[in-house]
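S.K.: Here it is: the structure, laid out below.
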Amino acid sequence: MTAAPEEQTLVELPPVESLTERQQRGADCVFCAHELPTGHVTDLGPHPLVAHGVTVRWFPRACKPGCAS
């Protein structure tokens, strides 16, 4: 049986404030900052993020395969 997304272990990510705007929005790998062409990404799932006093869900992406492993 597969765990629900909320139950899956979250990947440890770099601090959001240390990332470029492109990394924050998923255009570049959150780990190595290489551009992520369509079809060559790993979605890391939703991660909680506090922004302006409100908790939101952030959906970072990484290289496939490579940085996300």
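The values are calculated or read from the model by the stated rules, or taken from the named source; none is laboratory data. Predicted, not measured: the structure shown is a model, and the values here were computed from it. Neighbour counts run over all protein chains shown; Cβ positions are idealised from the backbone, glycine included.
S.K.: Across the stretch 25-62, what is the number of residues that are closer than 15 Å to E12 by Cα and touching a residue at least 12 places away in the same chain (Cβ under 8 Å)?
M.R.: Result for the stretch 25-62: 16.
S.K.: Follow-up. Considering only the stretch 20-69, how many residues are over 13 Å from the mean Cα position of the chain (by Cα), part of a loop (DSSP other than H, G, I, E, B) and either on the phi < 0 side of the Ramachandran plot or modelled with pLDDT of 90 or more (or both)?
M.R.: So the answer is 7.
S.K.: Please give the number of the condition V16 fails out of (1) surrounded by 10 or more Cβ atoms within 10 Å (Cβ to Cβ); (2) modelled with pLDDT of 95 or more.
M.R.: (2)
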